[in-house]
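See below for the structure under consideration.
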Amino acid sequence: MGKNLSEFPVQYIKGVGPRRAKLLNTLGIKTAEEALYYLPYRYEDRKNIKKISALEYGRLETVIGKVISAEVIRLPRRNMKLFELTVSDGSGLVKGKWFNQPFLKKNFEVGQEVILSGVVKRNPYWGIGFEFDNPEYEFVTDDADAFIHTARIVPIYRTTSGLSVRQLRTIMFNLINTCIKEVSDCLPEEIRVRHNFHGLTESIFNSHFSESGADIDSLNSGASIYQRRLYFDELFKFELGLSVIKRGKKVEKGIAFSSDGVLVRKFLGALKFKLTSAQQRVFDEILNDMRTPCPMNRLLQGDVGCGKTVIAVMAMLTAAECGYQSALMAPTEILAGQHYINIHKMIEDMGLKVCLVTGSKKSEREALRCDIASGKINIIIGTHALIQEGVEFKNLGLAIIDEQHRFGVMQRQLLRKKALNPDILVMTATPIPRTLSMTLYGDLDYSVIDELPPGRRPVITRLFNAGQKEYIYRAIAEETKKGRQVYVVYPVIEETEKTNLKSAIMGREALEKIFPKLKVELIHGRLKPQERENIMASFKSGAINLLVSTTVIEVGVDVPNAAMMLIVHAERFGLSQLHQLRGRVGRGGSQSYCFLLMYEPLSEDARRRLDIMVKTNDGFRISEEDLDIRGPGEFFGTRQAGMPDLKLANIVRDAKLLDSARKEAFALIDKDPELKSFPELKKGLEMFWKGKIELFKTG
């Protein structure tokens, strides 16, 4: 063939052509290389050929026999036609039935030897005899390549309308036999040997059309040695890219901040609490990064309420003391506004200027632009509006990104371009399993605040059904008698015809009737920012007893006197969201409670989520469970911008493989940063990251 498989159009593979090429394109298969790596999603064992007399009902079975009859039967109902094939092997008869496919008759002749595979059923009229509905079939010939669909472990591919699994399997068989010799194996030999991997061509072939002795369970769980080689290759290229990015940042020139810590000491002196040892350790790590002459790229991870904002402020004060501006970027206007209020209060007596930049405040943004560009404003807080054109900084030295999983590598790069290599600190309150942090944040150094402030007791979480509301109301009454406050969270603002969910508006009306002496207020995302701010200020001051809310209170709100939360329709919330909501209580000295009110029917996943919430307050354990339930594709809701997609590997299933791939990738880049000794690998790596980030600077 002598073609570059990454550029060879799938249209020219035997059995494809222009029409089928369009169908394959919808599956993400445009080239021969993409087709080779389009692996089966499951496998069926059709290699054990049974005697017809020994067939078992309900099992997937394979038989071989001669055609006794091949007839098209017109069914009286709905004008349907049935093609019925009768096959015998001398021990008994089995019928193959295909509905509305009369054209199949021309494929079969009496006396022909065929192989049939399918799930065995009884004859619905007689209650005896063996039948297959829509079985896979193959003709017995002298051609060894004919046994593609039966008498072997058969690959099952995800397909699309207009292209059957059988047709796709034939295309794949033709492709592999035509192209397999053109495959270039760019994995360094010493790595392949160290991990006992097979060659690439052998691994590709056996991941599609496995050898006869292969273990079907191993294949279906993605654990065969051949599949693991392909997963490793993908993870290795992924981690190689992250290693190149990380190393590139290490050698860039950045700012070496050299402050005396006067502002930080003043700030700490005004706090009403002492830093935890974890906070102090993490700040020391950040300070060490800031003092070095290359740009900081650090992830700060910590559970809700662990005190990340205080650390962020200390880093910004360090930058301000050295004459540099800081920017803090948050994913939503609510969170950006909350940061602005909190930080403004923390540092208003230090003579520093703080401003808020959001997409909805264009007139204010125009007025602030000059002050930001001139350097009059020290700390700029905002949404992604900060990285849009028009916002220019005089001397941005530190960029902090909050809730990083909402942003991607691309956004980080855009923020960096606003200045000459500023230090970057990424913060998240979403606990991230280690496997995920190794992929999403593999280009960053890593700090974790693994300690809550002293006196914080774990929140007691309980699960209730709709018949137990009276107990919940009594508990709310008891809590408010003690002078404490309560959150009541609903999934929607108002009722709609499409859902039967209880709404926040309805909930407020009901609670006002149940608790006529209590002040009940409602907050949601449709209110103007100033209205929300006023309501939160009243709640914080104690003027409101019960705050009915949607998930707008999920992040950033700190009310130490709020000691109880009721989440209505808890089964409708995600695990990470439930954990974030629960983090709003338990911030004072008193014992706090989170009541989860569920409504039937409950899915299996919803039941798992609620059970986990009751069992643990540990955000990292919750995140591991959440990743297990939802899978990596859905864990963040949005794809990481700037990251290549993992098409083969699954970072939950392949966690150990990911760990190995990371170690090998980082060791190789340490030894050979430009991959000069591995030109084929370098080419493959650039193809893998193509269109995402330029890994190797040219010229």
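The values are calculated or read from the model by the stated rules, or taken from the named source; none is laboratory data. Nothing here was measured: the structure is a model prediction, and the numbers come from that model. We place every Cβ from the backbone using ideal geometry, glycine too, and count neighbours over all the protein chains shown. Just the protein is used for accessible areas: all its heavy atoms, side chains included, with ligands, DNA and RNA removed. Shrake-Rupley method; radii C 1.70, N 1.55, O 1.52, S 1.80 Å.
Give the peptides 226-237, 62-73 in descending order of average Cβ contacts within 10 Å, highest first.
226-237, 62-73
Name the lysines eligible as straight-distance cross-link partners of Lys95: C-alpha to C-alpha under 30 Å, and not fewer than 8 places from it in the same chain.
Result set, ordered by chain and number: Lys47, Lys50, Lys51, Lys66, Lys81, Lys105, Lys106, Lys121.
For the chain, calculate the relative contact order in percent as a whole number, restricting contacts to Cα pairs under 8 Å that are 6 or more residues apart.
12
Return the sequence-ordered ³J(HN,Hα) values of segment 273-284 in whole Hz as given by the Karplus equation 6.51 cos²θ - 1.76 cosθ + 1.60 applied to θ = phi - 60°, using x for Gly and Pro.
9, 9, 5, 6, 5, 5, 4, 5, 4, 5, 5, 4
Please list, in order, the residues from segment 2-29 whose amide nitrogen is less than 12 Å from a point placed 7 Å along the Cα→Cβ vector of Glu182.
The answer is 2-14.
Tabulate in residue order the Karplus-calculated ³J(HN,Hα) for segment 231-243, using 6.51 cos²θ - 1.76 cosθ + 1.60 with θ = phi - 60°, rounded to whole Hz; enter x for Gly and Pro.
Along segment 231-243, the couplings run 5, 4, 3, 5, 5, 5, 5, 4, 6, 4, x, 4, 5 Hz.
Counting only protein heavy atoms and using a 1.4 Å probe, what share of the accessible area of segment 313-358 belongs to carbon plus sulfur, as a whole percent?
For segment 313-358, the apolar C and S fraction of the accessible surface comes to 48 percent.
Tell me which residues come under 5 Å, amide H to amide H, from Gly222 once H is placed; ignore anything under 5 positions away on its chain.
Amide H neighbours of Gly222, under 5 Å, 5+ apart: none.
Taking 0.36 nm per residue of sequence separation and subtracting the Cα-Cα distance, how much length would be gained by fully extending the chain between Ile128 and Ile73, in nm to one decimal?
Length difference between fully extended and current span is 17.8 nm.
Over the Cα atoms of segment 157-196, each weighted equally, I'd like the Debye log10 I(q)/I(0) at q = 0.22, 0.33 Å⁻¹, rounded to two decimals.
-0.74, -1.01
Is the shape of segment 272-351 rounded, prolate or oblate, going by the alpha carbon gyration tensor and its root eigenvalues a ≥ b ≥ c, with a/c under 1.5 for rounded and a/b larger than b/c for prolate?
Here segment 272-351 falls in the rounded category.
Where does the charge balance sit around Ile377 when Lys and Arg score +1, Asp and Glu -1, over other residues with C-beta under 11 Å from its C-beta?
With Lys, Arg at +1 and Asp, Glu at -1, the neighbours total +3.
If you average the C-alpha positions of segment 462-517 and of segment 279-294 separately, how far apart do those two centres end up, in angstrom?
A separation of 45 Å, based on Cα centres.
Mind checking the angle between helix 469-481 and the chain's longest principal axis? C-alpha axes, 0 to 90 degrees, to the nearest 10.
That works out to roughly 20 degrees.
Zone of Phe99 (label point 7 Å along Cα→Cβ, backbone N under 19 Å): which residues in segment 41-82?
58, 71-82, by backbone N distance to the label point.
When only alpha-carbon atoms are used, what values of Rg and Dmax, in angstrom, describe segment 293-400?
13.3, 38
Glu509 to Arg621: FRET efficiency via 1/(1 + (r/R0)^6), r the Cβ-Cβ distance, R0 51 Å, to the nearest 0.05?
Efficiency computed from Cβ-Cβ geometry: 0.85.
Pull out the extension gain between Glu84 and Glu674, defined as 0.36 nm times the separation in residues minus the alpha carbon to alpha carbon distance; nm, one decimal.
Additional length available on full extension: 206.0 nm.
Under 18 Å Cα-Cα from Lys517, which lysines qualify once same-chain neighbours fewer than 8 residues away are excluded?
Answer for Lys517, where 18 Å is the Cα cut-off: Lys481, Lys482, listed by chain and number.
Divide by every residue of the chain the summed helix terms, -39500 (n - 2.57) for each DSSP H run of at least 4, and state the resulting mean residue ellipticity at 222 nm, rounded to the nearest 500 deg cm²/dmol.
Helices in the chain give a 222 nm mean residue ellipticity of -11000 deg cm²/dmol.
Once you place label points 7 Å from the Cα toward the Cβ at Gln112 and Glu190, how far apart are they in nm?
5.8
Relative to the longest principal Cα axis of the chain, at what angle does helix 655-671 sit, 0 to 90 degrees, rounded to 10?
70
Which value, in Å², gives the accessible area per residue of the chain when a 1.4 Å probe is used on the protein heavy atoms?
46
Measure nothing but the geometry: give the 0 to 90° angle between the long axis through the Cα atoms of 333-347 and the longest principal axis through the Cα atoms of the chain, rounded to 10°.
30
Figure the gain on full extension for Val614 and Arg19 (residue separation times 0.36 nm, minus the Cα-Cα span) and round it to one decimal in nm.
Additional length available on full extension: 208.8 nm.
Report the FRET efficiency, 1/(1 + (r/R0)^6), for Arg474 and Val251, where r is their Cβ-Cβ distance and R0 is 60 Å, rounded to 0.05.
Rounded to the nearest 0.05, the efficiency is 0.40.
Among the listed pairs Lys418/Lys682; Lys345/Lys418; Lys30/Lys647, which have their C-alpha atoms separated by more than 18 angstrom in this model?
Long pairs (Cα-Cα over 18 Å): Lys418/Lys682; Lys345/Lys418.
Starting from the 7 Å offset along Cα-to-Cβ, what nm value, one decimal, do you get for the label separation of Glu348 and Val119?
Placing both labels 7 Å beyond Cα along the Cβ direction yields 6.8 nm.
When a/c reaches 1.5 or more, the comparison of a/b and b/c decides; with that in mind, is segment 507-569 rounded, prolate or oblate per its Cα gyration tensor?
Rounded shape, in that the Cα axes give a/c under 1.5.
Can you tell me which aspartates and glutamates have their Cα less than 14 Å from the Cα of Lys308? Leave out same-chain residues fewer than eight positions away.
Qualifying aspartates and glutamates at Cα under 14 Å: Asp284, Glu285, Asp402, Glu403, Asp450, Glu451, Asp558.
Output wanted: per-residue J couplings in Hz (rounded whole) for segment 563-569, from phi through Karplus 6.51 cos²θ - 1.76 cosθ + 1.60, θ = phi - 60°, x for Gly and Pro.
Going residue by residue, I get 10, 9, 9, 10, 10, 8, 6 Hz, with x marking Gly and Pro.
Under 20 Å from a label point 7 Å along Cα→Cβ of Asn395: give me every residue in segment 305-339 with its amide N that close.
314-328
For segment 177-333, how big is Rg over Rh, using alpha carbon atoms and the Kirkwood form of Rh?
Ratio of gyration radius to Kirkwood radius: 1.22.
Could you give log10 I(q)/I(0) at q = 0.05 Å⁻¹ for the chain, computed by the Debye formula over C-alpha point scatterers of equal weight, without solvent?
-0.35
Just need log10 I(q)/I(0) for segment 1-151 at q = 0.12, 0.16 Å⁻¹, Debye formula, equal scatterers on the alpha-carbon atoms, no solvent, rounded to two decimals.
-0.66, -0.97
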